[in-house]
């Protein structure tokens, strides 16, 4: 890896900006799948219209521009630039060098192809080798084993288990806080 | 209904006018040890004037996601700190709690633990929540001890989350479930 290494390009996918013209229609469709929303967020699931998604994009870019502690990317296919998901680093505390990571692959047909792992690989390198963060956190609900697997494979370890912090489908679930230190990431990529 | 929800053994919870609270907050924030025990962010100082405007704005919003109280010593009614439930997840029954004792002469005497007991009773019997969550810094053993005494259980540590004085520190997370609270305090209610 050197200065010419493309930080935002993987084998299958790449990280790109929001396309305000086209993306909102696609993401609006994703939000009509309650599973997608519930895997991502503890907030009550509700579908968003394309106009609501557009507003969200504007808020995201305003936040990125003004707060300097959010880094939001769309995940797109290499070649045709088709939108498949998003990934973001947020709640960065520069004083301590920590932050959170979250990602989603919107269409169920796009899951299980390695797009998420590749996006995560790119964002980890970006976080540790470009933002120079010291550690990253990820919050995952107990009922999302795919996400747990994804983060664990990337080197994250479980740090906190917030017992019964989530209630869905008539039962309680733990909220799991995972963490990855820069030194652990460095060790891991050395071996790859 | 024969329990005063806002009353503990040593403290009572109350609410004063924004200008009084703002003056106290502005003064407390000049004590860097207090600030470092309370918050991971670097200490900053704001005037009572602007803090007052923030409090007033918060009161106007009142989305039902935050429940803020002043902590008063029963013996003299002095305002010695604050305690607050914030970020209430109504759909899951979870909330965060934060507490700060700005008046140092009340440290280490059980006022904080008592205030925490009062707010737990409020969270479980008035808000009817399922659990209460908090984060506390590794370098604050007095607070950790107090939370253990109030019934919080250790749920993990966010490793090396903070950098202070050239050293990395963990953030401990603790939680208490309704059933644990009920068992512990059944005899008191």
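Within segment B:58-94, being outside any strand (DSSP E or B), more than 14 Å from every other protein chain (Cβ to nearest Cβ) and at pLDDT 95 or above holds for B:74, B:75, B:76, B:77, B:78.
Residues in segment B:149-164 that are under 14 Å from the mean Cα position of the chain (by Cα) and away from every other protein chain (no Cβ under 14 Å): B:150 alone. Among the residues making up segment B:55-81, those that are under 20 Å from the mean Cα position of the chain (by Cα), at negative phi and free of Cβ contacts under 8 Å to residues at least 12 places away in the same chain are B:58, B:63. Residue B:86 passes every criterion in (1) out of contact with any strand residue (DSSP E or B) (no Cβ under 6 Å at 6 or more places or on another chain); (2) closer than 19 Å to residue B:150 by Cβ; (3) exposed (fewer than 13 other Cβ atoms within 10 Å of the Cβ) apart from (1). The residue that is surrounded by the most Cβ atoms within 10 Å (Cβ to Cβ), among those in segment B:136-167 that are within 25 Å of residue A:174 (Cα to Cα) and touching a helix residue (DSSP H, G or I) at 6+ places or on another chain (Cβ under 6 Å), is B:150.
Of the helices (runs of 4 or more DSSP H) lying entirely inside segment A:1-108, those carrying at least 2 residues that are within 14 Å of another protein chain (Cβ to nearest Cβ) and at negative phi are A:34-40. Among the residues in segment B:15-30, are any within 28 Å of residue A:173 (Cα to Cα) and loosely packed, with under 13 Cβ neighbours inside 10 Å? Checking segment B:15-30: not a single residue is within 28 Å of residue A:173 (Cα to Cα) and loosely packed, with under 13 Cβ neighbours inside 10 Å.
When the residues of segment A:147-169 are narrowed to those that are away from chain B (no Cβ under 12 Å) and in contact with a helix residue (DSSP H, G or I) (Cβ under 8 Å, 6 or more places away or on another chain), which ends up surrounded by the most Cβ atoms within 10 Å (Cβ to Cβ)? If we take residues in segment A:147-169 being away from chain B (no Cβ under 12 Å) and in contact with a helix residue (DSSP H, G or I) (Cβ under 8 Å, 6 or more places away or on another chain), then A:151 is surrounded by the most Cβ atoms within 10 Å (Cβ to Cβ). Only residues that are surrounded by fewer than 21 Cβ atoms within 10 Å (Cβ to Cβ) and within 12 Å of chain B (Cβ to nearest Cβ): list them for segment A:170-192, please. If the condition is that a residue be surrounded by fewer than 21 Cβ atoms within 10 Å (Cβ to Cβ) and within 12 Å of chain B (Cβ to nearest Cβ), then A:171, A:172, A:173, A:174, A:181, A:182, A:183, A:184 are the ones that fit. Based on this model, can you work out whether residue A:119 counts as crowded, with 16+ Cβ neighbours inside 10 Å, assigned to a helix (DSSP H, G or I) and either touching a residue at least 60 places away in the same chain (Cβ under 8 Å) or away from chain B (no Cβ under 14 Å) (or both)? So residue A:119 fits the description; yes. The requirement of being over 26 Å from residue B:23 (Cα atoms), surrounded by fewer than 18 Cβ atoms within 10 Å (Cβ to Cβ) and touching a residue at least 60 places away in the same chain (Cβ under 8 Å) is fulfilled somewhere in segment B:126-135, by at least one residue. Apart from one condition, residue B:170 fits all of (1) crowded, with 17+ Cβ neighbours inside 10 Å; (2) away from chain A (no Cβ under 14 Å); (3) over 13 Å from the mean Cα position of the chain (by Cα); the exception is (2). For segment B:30-50, the set of residues classified as within 27 Å of residue A:99 (Cα to Cα), more than 14 Å from chain A (Cβ to nearest Cβ), in contact with a helix residue (DSSP H, G or I) (Cβ under 7 Å, 6 or more places away or on another chain) and free of Cβ contacts under 8 Å to residues at least 40 places away in the same chain consists of B:46 only. Of the listed requirements (1) within 14 Å of chain A (Cβ to nearest Cβ); (2) touching a helix residue (DSSP H, G or I) at 6+ places or on another chain (Cβ under 7 Å); (3) under 30 Å from residue A:96 (Cα atoms), residue B:108 misses just one: (1).
The values are calculated or read from the model by the stated rules, or taken from the named source; none is laboratory data. This structure is a prediction, so every number in the text was calculated from the model and none was measured. As a convention, Cβ positions derive from the backbone with ideal geometry for all residues, glycine included, and neighbour counts pool all protein chains shown.
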